[in-house]
Amino acid sequence: MACPDELTLDLWRADALPSDEAAAIAAHVHTCATCKAAEQAAHVLDAELHTALALDAEELAYVRGLELVSTWRTSPAAAALSWGWIALAGAIGGFAAWLAAAPMFGSAVGTALQVGVGSVLLHTALELAFGLGQALFELIRNPALGLSQPLLALLALALLVWPRQLIPTHRSTQS
């Protein structure tokens, strides 16, 4: 077997190769002096990085003094209970505000429609929407961005801001 390239050796060290290929690489590394030296150099570099990134005694004492475990491990029931009360109060407050403000807004909109302010508001809203669309197209067609297909770029932009549904992930527990 010829010596594997550096990427293959890195994947082997990370246990990211299929088992048959990993076994062949392991057998080769044990018999090849060049690959064995590269493996030992990688282990030395790994140890040096761990040593360089390790916390010293002062840093460890500081982190222990922060008591992070107690602040991160709060009771989820207590947190959910307080957010539930806040949501309930917000919903009741919004309903009360709507009951108080709805008649005023209704009469204002009715008067505006009689006078013709509705057409002015509609014109302004459409002008704003079309202006925003034109600004987006001009931004996408800007040669500095190098986007050759503005509709495709606009679709990509729309997909970035489109509301996403949360898909629950199922994690299997391994023992």
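Ranked highest first by average number of other Cβ atoms within 10 Å, how do 50-57, 27-34, 125-132 line up?
Packing order, densest peptide first, comes out as 27-34, 125-132, 50-57.
Given a 1.4 Å probe, how much area per residue of region 1-65 is accessible, in Å²?
75 Å²
The values are calculated or read from the model by the stated rules, or taken from the named source; none is laboratory data. On a predicted model such as this, the values are computed, not experimentally measured, just so you know. Note that each Cβ is placed from the backbone with ideal geometry, even for glycine, and that neighbours are counted across all protein chains shown. Quick note on the areas: whole protein, heavy atoms, side chains included, nothing else; ligands and nucleic acids left out. Shrake-Rupley method; radii C 1.70, N 1.55, O 1.52, S 1.80 Å.
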